[in-house]
Ligand SMILES: [Zn+2]
């Protein structure tokens, strides 16, 4: 399939808000979610739970119903990031499973904050003291909320507990699932091929993340995150927002886009702004002069 065809296929908008809300309610009512927001310590080995399989979800939207009949998924909730996983990769074991019926959808809560903690190495949960510790200034915190308020200058952390971020992740992953399922599993195939080329699954998943972030199917999925952010605001608030302001409210994107400068990235942003126009998501204060963006 040539890339332009792929792009055309992928510029499709799915009306899936009702099902996003349904999954959001399930997450909000889960014990796991409550543990995370109340900062009960979750050991690394337990930081992903199976929430439901899609056979048990009562989808209302046509595109979800269609995808469910072809490719049911298991819904995972975790704290360390979200991704639509290829059908036969077991992330925890790093093994290829055969004949598995379900694909996996992982919804990450607290993804950005956790990433800062894990990769930064400065923030650790001290299980003996039952407190969070900041290794840089040796301060301790009783709760994630306390820690976040101390991290406010690190703007990537402060929005992580907000509903629109979790809804954005759900919307994003459902779009990947529908795109993949209704278009010949091309995302799964692409990821599987990338994995075959790599000796270490762990490394390849990490590298994949950098590369795929600018692919056409990520443009499609990011529209889901943007829609949820817009839904969380009044029309006036949205119309006051600049593109740069919007990005700073989507911390995981802001983080990725800051890491490198490339033609790919500019192309990605052109595609995003084009799609935003078409979807009625381009606010009055947004300017499509990308040179104004701090990318
Ligand atoms: Zn994605």
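No value in this document is a laboratory result; all are computed from the given coordinates. Worth saying up front: this structure is predicted, and the values here are computed from it rather than measured. Here the Cβ is made from the backbone with ideal geometry for all residues, glycine too, and neighbour counts use every protein chain on show.
At a 10 Å Cβ-Cβ cut-off, how would you order 242, 273, 181, fewest neighbours first? Present the calculation step by step, with values, prior to reporting the outcome.
Working: 242 14, 273 19, 181 22.
Placing the least packed residue first, the sequence is 242, 273, 181.
Quick check: residue separation of residue 37 and residue 236 times 0.36 nm, minus the Cα distance between them. What number comes out in nm?
Working: separation 199, 0.36 × 199 = 71.64 nm, distance 2.99 nm.
Here the answer is 68.7 nm.
What is the order of 267, 165, fewest Cβ neighbours within 10 Å to most?
Numbers: 267 12, 165 23.
Neighbour counts put them in this order, fewest first: 267, 165.
Say each of residue 161 and residue 140 gets a label point 7 Å from the Cα, pointing the same way as Cα to Cβ; how far apart are those two points in nm?
Spacing of the two 7 Å Cα→Cβ label points: 2.0 nm.
Would you mind ranking 182, 110 by Cβ crowding within 10 Å, fewest neighbours first?
On the way: 182 16, 110 25.
Fewest to most other Cβ atoms nearby, the residues stand as 182, 110.
Could you grab the Rg to Rh ratio for segment 15-65? Cα atoms only, Kirkwood for Rh. List each step's numbers first, then the result.
Numbers: Rg = 13.4 Å, Rh = 12.5 Å.
Rg divided by Rh gives 1.07.
If you count, for each residue, the other Cβ atoms within 10 Å and average over each peptide, how do 46-54, 229-237 line up from highest to lowest?
Details: 46-54: 16.2, 229-237: 14.2.
For the peptides 46-54, 229-237, the packing ranking is 46-54, 229-237.
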